[in-house]
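Notes for the one structure printed next.
Each reported figure results from applying straightforward, stated rules to the coordinates on display, with no laboratory input. Being a predicted model, the structure only gives us computed values, none of them experimental. As a convention, Cβ positions derive from the backbone with ideal geometry for all residues, glycine included, and neighbour counts pool all protein chains shown.
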Amino acid sequence: MLHRYDTVIVGAGLAGMRAALEAKKGGSCCILTKVFPTRSHSGAAQGGIAAALGNAGEDDWTLHMFDTVKGSDYLADQDAVEILVREAPGTIIELEHMGVPFSRTPDGRIAQREFGGHLRQRACYAADLTGHVLLHTLYEQCLKEAVTFYPEYHVLSLVIAEGACRGVVALEILTGELHTFLARAVVFATGGYGRAFKITSNAHANSGDGLSILYRAGLPLEDMEFVQFHPTGFYPSGILVTEGARGEGAYIINGQGERFMKRYAPDRMELAPRDVTSRAIQTEIDQGRGINGGAYVHLDLRHLGPDKIMKSLPQILDLAMRFTGVDALKEPIPIQPTAHYSMGGIPTDNNGRVLLNHAGAVAQGLYACGECACVSVHGANRLGCNSLLDAVVFGTRAGRAVLADLPAIPRGDAPPDSEDAVRKELRLLLDREGNESLAAIRDDLQTGMQKNCGIFRSDSLLRAQLAAIGTLRGRFERVRLHDRGARFNTELMELIELRSLLDFTELIVRGALLRTESRGAHSRTDHPTRDDARWLTHSFARHTPEGPVCDYAPVRITRYEPKERKY
Amino acid sequence: MADTLGLYTFKIFRYNPDKDPKSRYDTFAVEVRQGMTILDCLQKIKGSLDGTLSFRRSCRSAICGSCAMNINGKNDLACHLQVSRLRGRTITINPLPGYPLIKDLVVDMGEFYRHIAAVMPWLVRRSPCPDRELLQFPADRDRIDSAVNCILCGSCTSSCPQFWFNPRYLGPAALLKAYRFIFDSRDEGRDERLAIVDDRYGVWRCRTVFNCDEACPKKLHPNEAIAGLKIEALKRSV
Amino acid sequence: MARQTGSIGWFLQRLSGGLIFALILVHFSLMHYMGPEKRLYADVVRRFQNPLWKSFDLVFLTLCLCHGWYGVWEIVGDYVRSDSLKILALILIVIAAAGLFSIGLVTVLTF
Ligand SMILES: Cc1cc2nc3c(=O)[nH]c(=O)nc-3n(C[C@H](O)[C@H](O)[C@H](O)COP(=O)(O)OP(=O)(O)OC[C@H]3O[C@@H](n4cnc5c(N)ncnc54)[C@H](O)[C@@H]3O)c2cc1C
Ligand code: FES
């Protein structure tokens with residue numbers, strides 16, 4: 001079936017919906033999403049969204065910028081960071097005017113709390129449900145503006161004609177039918193890919209589909225080796241305990257009852273950036289100082305007192321009870337680092353336009369924003385609360401870029417065979433005979449990535465993982481599905497998602513193998529120091545018939561020269 | 001933490017209208033370990049026993065609202081319910097009642113979403129906004145706290161006998177949403193929104209059965225909200 | 001009321017419910033806890049000579065029947081889908097209501 005819109009947006013998280021609110025002003029616009037909009041993973045964000053509002057002590061955008069650049073281990077592009085932090089206060093006010101129910105100070109202003117890596121109290125929050133209230137508010141705004149949604153449409157590939165992107169092909173999950181959406185502008189906002197790892201804070205839907213779709217279409221992906229591990233996931237599930245818990249004052253304690261962060265970040269203690277804290281926890285665990293020697297440490301809230309916990313961290317209290325059986329008012333919570341955020345992704349300019357190559361050429365009619373994009377404002381390590389901000393600020397900018405560009409983009413026609421290739425591929429996946437199980441391959445991939453490409457990496461581990469991915473690809477070709485029907489075939493969805501995992505995990509491992517230094521979240525035991533002379537660069541992985549290759553582009557430095565990073 | 005809880009029997013509602021003349025229950029035996037949730041078990045069944053088993057899930061941390069289903073007779077989120085909390089060794093799982101069936105545990109929630117959209121679920125402002133945030137005092141913010149936390153999982157509306165018989169009835173979730181805005185101190189669209197809920201198929205269809213409060217997996221109180229709305233609506237008519 | 005929202009019906013149900021509750025208290029104490037140990041036919045007749053008590057019982061009767069019938073009608077509205085069945089139910093309710101009311105009326109007036 002054929003649909004025509006001026007703008008098609010893929011993904012209904014914060015980034016996608018924010019972009020839609022802008023793009024809607026310039027013509028017809030629809031959002032395709034594989035889960036119902038309010039089920040997007042933006043809703044899981046707990047802690048907060050950063051902006052130098054100055055509601056809790058002096059703050060201004062230059063301080064926010066410095067914290068962000070330092071947090072990124074100097075890999076962020078500073079002109080982009082400047083845009084992010086300068087637009088932050090206005091963005092928060094705009095969100096508040098849309099109706100976001102932020103928590104308040106006694107005099108009625110937006111409350112702000114501390115967060116890892118931020119030296120001021122600049123996390124605006126709504127208890128520990130910040131993402132939830134933002135996501136619902138943006139969905140409600142989209143209802144108000146009558147944005148058209150196609151919920152439970154799984155986008156599979158781009159429509160390309162005469163070298164330009166003309167739209168996307170999507171599968172309607174309910175019926176199994178293919179739909180072609182022709183558009184003059186296509187915006188990708190498909191979110192993160194935590195599902196590449198065994199222990200993750202991410203949703204099942206976070207399988208990095210957008211990355212894989214663009215990579216398959218021949219576009220490069222930037223800085224894929226940088227994967228953030230959040231210090232505090234519940235043990236054993238990996239479900240997140242917000243950094244807001246530490247922002248409120250929680251301690252991290254090892255098996256010997258020691259607040260060990262004093263050995264790793266004496267000034268910031270528990271509120272050091274995530275890469276530092278995760279490495280510290282992992283080191284304690286690896287050296288046998290986990291609780292009872294196990295693979296976890298404790299997060300202790302008790303000294304905060306029941307009132308504060310119930311007021312500021314109600315969700316954590318409930319989740320701790322449900323997922324670890326611990327009453328956080330009375331006992332410490334068992335935690336471990338958990339795969340959380342993808343700093344890398346689809347390279348874009350500062351207005352969300354997708355880059356064709358490392359030299360900075362721009363693709364016509366193709367945009368990306370949110371976690372799937374890499375502007376790059378997070379560099380080698382994102383600070384907490386900066387990614388909701390990134391999704392909204394650059395979602396808005398991508399939407400505005402669409403508005404600006406639309407008049408110049410011609411209305412193309414669909415190549416008559418736009419759906420044929422996809423249909424053939426799906427048939428192949430559905431009809432395949434073999435003896436491999438989808439769940440087993442996925443599990444092996446996630447376990448391997450966790451072990452070999454996790455917090456600590458090395459040449460030998462990474463090589464082993466590269467080989468493992470090769471083997472898994474072979475096994476993927478022999479997966480036999482149980483469900484061969486058209487109606488709501490979630491097994492087929494999972495298979496397609498596994499295919500994207502296999503696509504981009506190779507890029508993560510390849511990028512990590514090539515980058516012989518330690519920077520931010522990328523930590524090589526065989527190259528433990530940062531090497532600015534050689535590696536102050538962004539990597540751009542692109543597809544070639546011989547496998548992925550990486551090109552490199554310099555980091556844009558405007559205000560803050562790289563310095564040693566200490567907390 | 002790897003202690004096993006032993007073998008459990010899952011009795012799961014199955015129906016694929018494309019293939020099955022009528023619905024049935026399939027039973028699966030699952031080895032359950034300490035800490036496993038209902039969703040973990042469903043994933044395990046799907047991964048290793050029957051890939052055709054269909055259900056929605058995403059966040060697996062009780063915030064996206066995808067995985068609501070009827071477990072041992074009670075609507076709940078599969079992802080936050082530990083198997084160890086249930087009594088007995090047989091667990092019966094049905095789709096959420098009251099919505100049209102799509103396949104197995106997947107139901108059509110279109111009507112539910114349309115009801116949400118029908119209550120003007122957005123902040124209405126007539127007077128211009130200041131440059132800074134609109135002020136709201138903590139006490140005012142607290143008033144909408146529980147309504148704001150709703151994840152639209154559909155458990156409450158699915159448990160309401162009024163909704164089963166009158167799908168036109170807005171239902172507790174949509175009314176809770178209306179409450180969230182009507183009682184938001186910043187909102188200026190109170191009258192229009194009240195006009196929507198002050199209707200035969202709005203608040204007046206609620207017979208205070210209290211199923212919704214009991215069904216809510218997030219322990220919210222749609223019924224209290226409806227009571228508040230009734231008073232406001234009444235003030236409007238008299 | 002231009003628009004039938006159900007609010008007035010709801011309100012009247014609460015109101016009549018409250019009143020009935022008060023009247024029931026009076027009725028109960030009167031019939032079961034006050035007055036002579038053994039109530040005789042003559043006692044009741046005597047009480048009904050008083051027009052105040054007559055009107056008390058008339059109000060009680062009317063409120064109870066209205067409350068009950070409206071309640072039944074609401075239940076029909078909630079659970080009966082077909083229009084013809086609804087009309088049938090309405091007729092039955094009205095007949096029953098009228099019948100019960102006449103019996104009550106006759107009893108109270110002719111005592
Ligand atoms: C547990 C958790 C807590 C977090 N807490 C914070 C925090 O406190 N502060 C902060 O700043 N950041 C936080 N983050 C990070 C932040 O939430 C995310 O980076 C951000 O929400 C991403 O938004 P998004 O719009 O890019 O993507 P998402 O919200 O993930 O949305 C992706 C959308 O794309 C759609 N999609 C994906 N693939 C397809 C496809 N193939 N076809 C169709 N649609 C598709 C999905 O349906 C979905 O609608 C947290 C993240 C997690 C996991
Ligand atoms: S999977 Fe999101 S609520 Fe259960």
Fill in the blank from the handout: Once A:D551 and A:K424 are pulled to full extension, the length gained, defined as 0.36 nm per residue separation minus their Cα-Cα distance, is 42.4 nm
Problem - Label-reachable residues, region A:410-448, where backbone N falls under 14 Å from a point 7 Å from A:T471's Cα toward its Cβ - result: A:441-448
Handout entry: Added length on full extension, which subtracts the Cα-Cα distance from 0.36 nm per residue, C:S84 to C:Q13
Key = 23.0 nm
Handout entry: Exceeding the 29 Å Cα-Cα cut-off - candidates B:K74/B:K103; B:K11/B:K177; A:K308/B:K218; A:K34/A:K311; A:K262/A:K451
Key = B:K11/B:K177; A:K34/A:K311
Fill in the blank from the handout: Scalar couplings 3J(HN,Hα) for region A:552-559 by Karplus 6.51 cos²θ - 1.76 cosθ + 1.60 (θ = phi - 60°), nearest whole Hz, x for Gly and Pro, are 10, 10, x, 7, 8, 10, 10, 10
Problem - Built amide H within the under 5 Å cut-off of A:L75, gap 5+ - result: A:A380
Exercise for the section: Let me have the 222 nm mean residue ellipticity of the protein assembly as shown computed from DSSP H runs of 4+ only, each contributing -39500 (n - 2.57), with the sum over all residues rounded to the nearest 500. Expected result: -12500 deg cm²/dmol
Problem - Unit charges on C-beta of K, R, D, E only; dipole of chain A, Debye - result: 420
Completion exercise
Here the averaged projected area of region C:9-109, based on the convex hull of its alpha-carbon atoms and given in nm², is 7.6
Practice task
Determine the distance separating the Cα centre of region A:409-487 from the Cα centre of region B:176-220; give it in Å without decimals.
Solution key: 45
Exercise for the section: Would you tell me the mean number of C-beta atoms belonging to other protein chains that fall within 10 Å of each C-beta in A:96-106, as a whole number? Expected result: 6
Completion exercise
With a Förster distance of 30 angstrom and the Cβ-Cβ distance between A:N292 and A:D459, calculated FRET efficiency to the nearest 0.05 equals 0.35
Completion exercise
Fewest-first ordering of B:S158, A:S72, A:S437 by Cβ atoms within 10 Å yields A:S437, B:S158, A:S72
Exercise for the section: At q = 0.14, 0.15, 0.23 Å⁻¹, work out log10 I(q)/I(0) for region B:4-107 with the Debye formula, treating every Cα as an identical point scatterer and leaving solvent out; two decimals please. Expected result: -0.49, -0.56, -1.38
Practice task
Using only the alpha carbons, work out the radius of gyration and Dmax of the protein assembly as shown in angstrom.
Solution key: 30.7, 114
Completion exercise
In whole angstrom, largest first, the equivalent ellipsoid semi-axes that the Cα gyration tensor gives for region A:188-271 are 33, 15, 11
Completion exercise
Non-local residues with an amide H under 5 Å from the amide H of A:A161, with H modelled 1.01 Å from N and Pro and chain starts lacking one, are A:R166
Fill in the blank from the handout: For chain B, one quarter of the surface area of the C-alpha convex hull, expressed in nm², comes to 16.0
Problem - More than 20 Å apart - percent of Cα-Cα pairs taken over region B:110-237 - result: 41
Practice task
List every residue whose amide H lies under 5 Å from the amide H of A:V326, counting only residues 5 or more places away in sequence or on a different chain, with H placed 1.01 Å from N in the peptide plane.
Solution key: A:M321
Practice task
Mind pulling the angle between the C-alpha long axis of helix B:38-48 and the longest principal axis of chain B? Nearest 10 degrees, somewhere in 0 to 90.
Solution key: 50
Handout entry: Label-point separation in nm, A:A217 to C:L58, each point 7 Å along Cα→Cβ
Key = 8.3
Completion exercise
Cβ density ranking, 10 Å radius, fewest first, applied to A:I110, A:I83, B:I12 yields A:I83, B:I12, A:I110
Fill in the blank from the handout: Sequence order, region A:380-388: Karplus ³J(HN,Hα) from phi using 6.51 cos²θ - 1.76 cosθ + 1.60, θ = phi - 60°, Hz rounded, Gly and Pro as x, gives 8, 6, 7, 7, x, 6, 8, 8, 4
Practice task
Using only the alpha carbons, work out the radius of gyration and Dmax of region A:142-207 in angstrom.
Solution key: 14.6, 42
Practice task
Quick one: check the C-alpha center-to-center distance for region B:28-96 versus region A:243-286, whole angstrom.
Solution key: 34
Problem - Derived scalar couplings ³J(HN,Hα) [region C:98-111; Karplus, 6.51 cos²θ - 1.76 cosθ + 1.60; whole Hz; x for Gly, Pro] - result: 4, x, 5, 5, 4, 4, x, 4, 4, 4, 5, 6, 8, 4
Problem - Global size of region B:71-126 as Cα Rg and Dmax, reported in angstrom - result: 16.4, 57
Exercise for the section: Taking all pairs of distinct Cα atoms, average 1/r, flip it, and tell me the Kirkwood hydrodynamic radius of region A:115-238 in Å to one decimal place. Expected result: 17.8
Handout entry: Length gained when the stretch C:V106-C:I24 is fully extended (0.36 nm per residue, less Cα-Cα span)
Key = 27.4 nm
Handout entry: Label-to-label distance, nm, for residues given as A:D417 and B:E192 (7 Å Cα→Cβ offset)
Key = 5.1
